[in-house]
There are 2 protein chains.
Amino acid sequence: MKGVESDKIALKRLKEFGQSLYEQIKNNKPPSFKMPTRTKANIDFIEGDRRLKLGERMSTRSFLNYSHTRKFMQSVMVAAACEDYIKSGRTVGKRELYYNLKHSLPNSKQNTFEDDTESGAVLNDLEASLNVLREQFHVIAKGRGSIYGDLDLRQAGDEFSCKGLGRGGWVIPGYTEDVEFLNHNAEFILAIENDAMMGRLIEEKVWKKLNCLLVTGEGMFPRGVRRFIKRMHEELKLPVIAFVDGDPWGFYIYSVLKYGSIQLAHLSDRYAVPDAKYVGMTMDDIDEYGLQNVTEKLKDVDKKKIKEEMEYPWFKHSKEWMNQLKKMLEKGVRLEQQALANKSLSFVAEKYLPEKIEAGKFLP
Amino acid sequence: MKGVESDKIALKRLKEFGQSLYEQIKNNKPPSFKMPTRTKANIDFIEGDRRLKLGERMSTRSFLNYSHTRKFMQSVMVAAACEDYIKSGRTVGKRELYYNLKHSLPNSKQNTFEDDTESGAVLNDLEASLNVLREQFHVIAKGRGSIYGDLDLRQAGDEFSCKGLGRGGWVIPGYTEDVEFLNHNAEFILAIENDAMMGRLIEEKVWKKLNCLLVTGEGMFPRGVRRFIKRMHEELKLPVIAFVDGDPWGFYIYSVLKYGSIQLAHLSDRYAVPDAKYVGMTMDDIDEYGLQNVTEKLKDVDKKKIKEEMEYPWFKHSKEWMNQLKKMLEKGVRLEQQALANKSLSFVAEKYLPEKIEAGKFLP
């Protein structure tokens, strides 16, 4: 059972964490723990590895360091609570965690936590220090996004299919560590930016026609969805193809899917899919498919983002991506997924995607 | 078949619309059509009827009125496209509609539509003029929100259950006119603001314990979700109980569920659930359940919204609601759903909801 394995590891690390603090106290040492430094300066993009990675720098959190005391206390509280959550088989959201642990300290007006940014920061520390995902601690990411396709799952005692669900689909919950993959009939995962496009592709039965799993995160893929895609990619050996808007925001969504985010660099090996490919929208699609009349003018904020992205190492060192970014600036336009509806509603399903995917017309 | 019925009505109205224009032209009259005026001044809140309603005022859209010509042309285009969508069994999103219909007019540099606000406005006109929902025209609202519980549905040739789906649930799609209700075992619908609270209640199996259908719209219920709730309420005869944050935003979400929104006043009979009740969070919960330590201070924007709401007729004429709003201002705090986690994670499922619902402790 997947969930049980994940729980075991997390409980083991939590126990080691507690034991280490206990040993230090028993030996009259001020208790402390270490974790990798999570500043931008300690993040590397290793091309061979094709992933954002944390460097070697470590920080220490010490109980007797006045400026650490509060965070130290909070870390121990969160660790203890996570042990409870795992043992009781419950999961909590970030805000629920905060409310669950908030109380006034005895004989003081101090609260344990003042905001969920405090509990969230401590959770990030614990993830990095113990090398355990927050999902493994049963603290869950926002559940937003869904899947549709020929995939049978088991979770929480239920067995069900992600196809045959009318026009809807299965909500990808924030916690998917306990999902077991039973059967599937699919050749790849299509990761879709826009939920209206998801609706279109369900309606056109693209999951069946192209034999794929349709996944959307409704905009930026939340970490719960990325984690689920990663698990399907690794355990079902399915390639991931991204289908997003042809604009700096779509490009960014793709890069986070592929390389990880700066914020979660310490965990990118468990979220990022370095093999992911990009099917569209591209700047070349405009002439290729005659979409000149349905581009949208770039706004200043788009142009600013494009220039920023030209400095990101994963775009900067890629001829193809720099080419896309330059063309976008030159043409001064962006191209949304749904612009394809200008040809016909079924164009995306009957021509655009099958043609490009069969010919392997991808950006790296 | 539900979907077929809805299609029939929409096609009939579209045909009548076209015929009326055709007759006018044939009789050498400048073509025009009428629709109810949708300004705030023409919106009434009728207490007996407990719903926002459009008044009697009508506007005319005339082809030969220079300032109407563009909108008139657009209305006819959208009407023709909707006929196509219905006949081909396809649904489109708002943005897809815009892209689908955008093109340059022959021998001119004029585009049919410049933005989806233009196509959206025309769609609103057609809805009001023909008294047909956009969903019946196969133009769909954002699909955001989900359902969990003992309810079997048929849609698009599939039969499936909204229970037994692990920790997920069924995505409520933007188009649910064609959903057929097969079987259900539930006594009421619990409409939940927050998707993390939805996750909590799925995990605690509240749908089973309290014999209800759990529905969330992830914040403000989008119109697709409200429409689906309305259909379940009417066709399955299930009462609707709202469970939202104890703040002006939660109150507002509830009021839209119950009375409709100003924007959609012309359609509130097909969205609003005037019988809906409010279980929480309330200002009285703070003392009742000892939640003093997990309230959040009101911000200026909250206070402003509270004062606005005190002028809304549906709050203004309700002693209970004015009492809530006044208490909120006096205490200067708001109370989130998830604050209940301060008692324990299962408190909401084992005590708060069962106690209040069994005792019928509702706000009107």
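Does the range A:1-126 come out rounded, prolate or oblate by the C-alpha gyration tensor, with a ≥ b ≥ c the root eigenvalues, rounded set by a/c under 1.5 and, if not, prolate when a/b is larger than b/c and oblate if not?
rounded
On a 0 to 90° scale, report how tilted helix B:66-88 is relative to the longest principal axis of chain B, with both axes built from alpha carbons and the result rounded to the nearest 10.
It works out to around 70 degrees.
Pull up all non-local amide H partners of A:ALA242: gap of 5 or more, or a different chain, and H-to-H distance under 5 Å with H placed in the peptide plane.
Sorted by chain and number, the residues that satisfy this are A:ALA191, A:LYS277, A:TYR278, A:VAL279.
Dipole magnitude of chain A about its Cα centre, charges +1 at Lys/Arg Cβ and -1 at Asp/Glu Cβ only, in debye to the nearest 20? Display every interim value, and only then the final one.
Numbers: 58 positive and 53 negative charges, 204 e Å.
That gives a dipole near 980 debye.
In nm, one decimal, shortest first: how far is the label point of A:TYR66 (7 Å from Cα along Cα to beta carbon) from the matching points in the other copies?
When each copy's label point is compared with this one, the spacings are 7.7 nm.
Roughly how tilted is helix B:319-331, in degrees to the nearest 10 and between 0 and 90, from the longest Cα axis of chain B?
70 degrees
Relative to the other copies, what are the label-point distances for A:GLU358, with labels 7 Å from Cα along the C-beta vector, expressed in nm at one decimal and sorted shortest first?
Label point to label point, same position, other copies: 6.3 nm.
Where a ≥ b ≥ c are the square roots of the eigenvalues of the C-alpha gyration tensor, would you call the protein assembly as shown rounded, which needs a/c under 1.5, or, failing that, prolate if a/b is larger than b/c, or oblate?
Oblate shape, in that a/c is at least 1.5 and b/c is the bigger or equal ratio.
To make sure I understand, if each residue's beta carbon is the centre and we count other beta carbons within 10 Å, what order do A:TYR278, B:TYR312 fall in, fewest to most? Display every interim value, and only then the final one.
Values: A:TYR278 25, B:TYR312 18.
By the 10 Å Cβ count, ascending, the order reads B:TYR312, A:TYR278.
Taking the beta-carbon count within 10 Å as an exposure proxy, list B:ASP300, B:ASP245, B:ASP158 from fewest neighbours to most.
By the 10 Å Cβ count, ascending: B:ASP300, B:ASP158, B:ASP245.
Distance cut-off 18 Å, Cα to Cα: go down the list B:LYS258/B:LYS303; A:LYS142/A:LYS277; B:LYS304/B:LYS331; B:LYS304/B:LYS326; A:LYS15/A:LYS87; A:LYS12/A:LYS87 and report the pairs above it.
B:LYS258/B:LYS303; A:LYS142/A:LYS277
Measure nothing but the geometry: give the 0 to 90° angle between the long axis through the Cα atoms of A:116-130 and the longest principal axis through the Cα atoms of chain A, rounded to 10°.
Its long axis makes an angle of about 90 degrees.
Could you work out the relative contact order of the range B:164-320? I mean the mean sequence separation of Cα pairs under 8 Å and 6+ apart, divided by the number of residues, in percent. Can you show the working numbers first?
Details: 180 pairs, mean separation 31.6, N = 157.
Value for the range B:164-320: 20 percent.
What stretch of chain B, leaving out the sites themselves, is the longest with no trypsin sites (Lys or Arg not before Pro) in a DSSP loop having at most 12 other Cβ atoms within 10 Å?
B:110-236
Loop-only GluC sites (Glu not before Pro) in the range A:286-364, please: DSSP not H, G, I, E or B, and at most 13 other Cβ atoms within 10 Å. Walk me through the intermediate numbers first.
On the way: sites: A:GLU288, A:GLU296, A:GLU308, A:GLU309, A:GLU311, A:GLU320, A:GLU330, A:GLU336, A:GLU350, A:GLU355, A:GLU358; in loops: A:GLU311, A:GLU336.
Here the GluC sites (Glu not before Pro) that fit, given the DSSP loop and packing criteria, are A:GLU311.
By a straight-distance test (C-alpha under 12 Å), which aspartates and glutamates pair with A:LYS343 as possible cross-link partners, with residues fewer than eight away in the same chain excluded?
Straight-line reach from A:LYS343, under 12 Å: B:GLU96.
Looking down the axis that turns A into B, which residue of A has the closest beta carbon, and how many Å out?
A:VAL171, 3
Quick note: the coordinates plus some simple rules give every number you see, no bench work behind them. Since this is a predicted model, take the numbers as computed values, not measurements. Neighbour counts are summed over all protein chains in view; Cβ atoms, including those assigned to glycine, are modelled from backbone coordinates with ideal geometry.
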